[in-house]
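We did not get these values from a lab; they are worked out from the coordinates using the rules stated. What you see is a predicted model; the values in this text were computed from it and never measured. For neighbour counting, all protein chains shown are included, and Cβ atoms are generated from backbone atoms with ideal geometry for every residue, glycine included.
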Amino acid sequence: MVFKTARLSVRPLIVNDLPCYDEMQGDASVMRYVGGKALTLEENRKDLERVIELYHKPNNAFWVWAIVDTSREFVGTCAIIKNDEQEWEVGYRLLQKFWGNGFGSEVAQGLIEHAFKSMHIPTLHAYVNRENESSVRILERFFQFEKEYWNAADNCWDRKYSLRNPHR
């Protein structure tokens, strides 16, 4: 296990997560704000295998984990990655049936604590499409707003947030 919150556990992804992983990433509503298109089963299989392989890579800076609830049901994924700008970035993605019950806030807070206390990351960043109002509200609760800008790659307005590690 990577970390726990009150109602969730975060653990490494496994090959047996593929059906739920595919359900999540194959859902156009879930993917609307993170690339814009649902992925196929084969795309999801390759992506899951790649993420799992990265767990064993020396100096890995791309951590994507499974989120499960107290019954061990797959809820979604969360991540701490070093992005193209060499910033540590957090993110999460939930199966649609788990939207609206506070899991996004709970996992965001857990990611922040894990990044700062266990990984000793000095500053975290988060990016969100401004139309993703639920995630904007979550990020504004925990992070400081930096800027809004046009993301040409995703054809949308994004908001950038940051948070400094208070333990450093």
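Miscellaneous remarks
- Net lengthening on full extension, Met119/Lys97 (0.36 nm per residue, minus Cα-Cα): 4.9 nm
- Highest mean first, the peptides 52-65, 15-28 sorted by other C-beta atoms within 10 Å per residue fall in the order 15-28, 52-65.
- Per-pair calculated FRET efficiency, R0 = 25 Å: Cys156 and Phe62 via Cβ, rounded to 0.05: 0.65
- Neighbour cut-off at most 12 other Cβ (10 Å), DSSP loop, trypsin sites (Lys or Arg not before Pro), region 7-41: Lys37
- Bridge type composition, the chain - antiparallel percent by DSSP, nearest 5: 95
- The sum of -39500 (n - 2.57) across all DSSP H runs of n ≥ 4, divided by the residue count of the chain, sets its helix-only mean residue ellipticity at 222 nm to -8000 deg cm²/dmol.
- Calculated log₁₀ intensity ratio I(q)/I(0) where the Debye formula runs over C-alpha points of the chain, q = 0.08, 0.19 Å⁻¹: -0.22, -1.45
- Label-point separation in nm, Val136 to Tyr55, each point 7 Å along Cα→Cβ: 3.6
- Potential lengthening between Lys82 and Glu148 on full extension [0.36 nm per residue; Cα-Cα distance subtracted]: 21.7 nm
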